[in-house]
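Coordinate-derived values only; no laboratory data. Bear in mind that the values here come from a model prediction, so they are computed numbers and not experimental data. With ideal geometry, Cβ positions are generated from the backbone for all residues, glycine too; neighbour counts draw on all protein chains shown.
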Amino acid sequence: MANKFTKEALQSLKSVGSVAPSSKFLAKTMLKHIDFSSPLVIVEFGPGTGALTKPLLSELSESSLLYSFELNETFANQLDQQFADESQLKLIIDSALQFDEYLLADGIDKVDYFVSSLPLTLMNTQSRNILLDKCSDYLADDGYFLQYQYSLNSYKRLKEKFATVNVDFTLINLPPAFVYVCSNLL
Ligand SMILES: C[S@@+](CC[C@H](N)C(=O)[O-])C[C@H]1O[C@@H](n2cnc3c(N)ncnc32)[C@H](O)[C@@H]1O
C-alpha cells in the first residue's frame, strides 16, 4: 500500500501532499476525537489509500454514513475495490470542494465530523477559503472539523473560520503530525 501511495505521491506531490500514508498512530490521534456512539454523518476529504477510511468504517455504527471525496482516480479505484462491501461508505471521485452538492442531493444539511487529510498549505487561497467556509456552515453544533498537517502553519487560517481550534500531536508518523480539532462552539 505504501509503495502505491508513494508512486502516486511522486507523480502529483502538490495534491497528494505527503510521500507515505498516515500511520496507525496518526489515525488513532484523529479518530479519538470522534464519539461513535450515535448515528453520524462523517465527511472525509482525501482518503488516499484508506489509512483513515478503514478505521473509520470499523468504528461506525450501522446507521451512520461516511462520504469520502478523493480526486486521485488511482486511489479512488483501489478504495472502490477494497471497500466494495461497505454499504455505509459513499466514495465520490470528485473534489472536496463539491461536497455540499452531494450532501444536498441526499437531503443532508449537517455534518457531525469532517475528517480532512487535504494538504491545506498547498491549496490555493481561494479554494481553501471556500472549502473551510462551507465546512464551518455545514458543521453540526456539537460537531468537529478534524484536520492533520505537518506544521502549525494552518492554525491562524483555521482560527479565522472556527471559534475553537485545539491542537493534538503524534510523533509516530512520517513526518510527525499535528491534528487540528476545530469547532464552532467557544
Ligand atoms: C496527504 S494524502 C492523505 C491520504 C490518506 N488520508 C492518509 O492519511 O494516508 C492527501 C489526499 O488528498 C487527496 N486530495 C488532494 N486534493 C483533494 C481535493 N481537492 N479533493 C479530494 N481529494 C483531494 C489526494 O489525492 C490524497 O489522496
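Overview of values
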read-out	value
All positions within the stretch 99-146 that are under 13 Å from PHE162 (Cα atoms) and within 11 Å of the ligand (Cβ to nearest atom)	LEU131
Test: residue in the stretch 134-153 that is within 17 Å of the chain's Cα centre (by Cα) and more than 25 Å from LEU40 (Cα to Cα)	yes
Residue among SER127, SER136 that is in contact with a strand residue (DSSP E or B) (Cβ under 8 Å, 6 or more places away or on another chain), over 23 Å from GLY50 (Cα atoms) and surrounded by 13 or more Cβ atoms within 10 Å (Cβ to Cβ)	SER136
Of residues in the stretch 142-178 being surrounded by 20 or more Cβ atoms within 10 Å (Cβ to Cβ) and in contact with a His (Cβ under 8 Å, 6 or more places away or on another chain), the one nearest to SER18 (Cα to Cα)	LEU146
Flag if LEU97 is more than 24 Å from ASN129 (Cα to Cα), buried (at least 17 other Cβ atoms within 10 Å of the Cβ) and under 13 Å from the mean Cα position of the chain (by Cα)	no
Test: residue in the stretch 64-72 that is in contact (Cβ under 8 Å) with a residue 40 or more places away in the chain and either in a helix (DSSP H, G or I) or among the small types (Gly, Ala, Ser) (or both)	no
Long-range neighbours under 6 Å by Cβ, at least six apart or interchain, first residue of a type in the set (Gly, Ala, Ser) within the stretch 28-49, second within 15 Å of the ligand (Cβ to nearest atom) and in a helix (DSSP H, G or I)	GLY48/PHE75
In the stretch 66-81, the residues that are surrounded by 18 or more Cβ atoms within 10 Å (Cβ to Cβ), over 14 Å from the mean Cα position of the chain (by Cα) and more than 9 Å from the ligand (Cβ to nearest atom)	GLN78, LEU79
Close pairs from the stretch 113-125: first without any contact (Cβ under 8 Å) to a residue 40 or more places away in the chain, partner surrounded by 16 or more Cβ atoms within 10 Å (Cβ to Cβ) and assigned to a loop (DSSP other than H, G, I, E, B), Cβ under 6 Å, at least 6 apart	LEU120/SER154
In the stretch 10-54, residue surrounded by the fewest Cβ atoms within 10 Å (Cβ to Cβ) [restricted to those that are near the ligand (Cβ under 10 Å from one of its atoms) and within 20 Å of TYR138 (Cβ to Cβ)]	GLY46
SER87 being out of contact with any Cys (no Cβ under 7 Å at 6 or more places or on another chain), loosely packed, with under 13 Cβ neighbours inside 10 Å, closer than 13 Å to TYR180 by Cα and without any contact (Cβ under 8 Å) to a residue 60 or more places away in the chain	no
Residues located in the stretch 10-58, provided they are of a type outside the set (A, V, I, L, M, F, W, C), part of a helix (DSSP H, G or I) and farther than 24 Å from ALA84 by Cα	GLN11, LYS14, SER15, THR29
Conditions (1) on the phi > 0 side of the Ramachandran plot; (2) buried (at least 19 other Cβ atoms within 10 Å of the Cβ); (3) not hydrophobic (A, V, I, L, M, F, W, C): number failed by GLY107	(2)
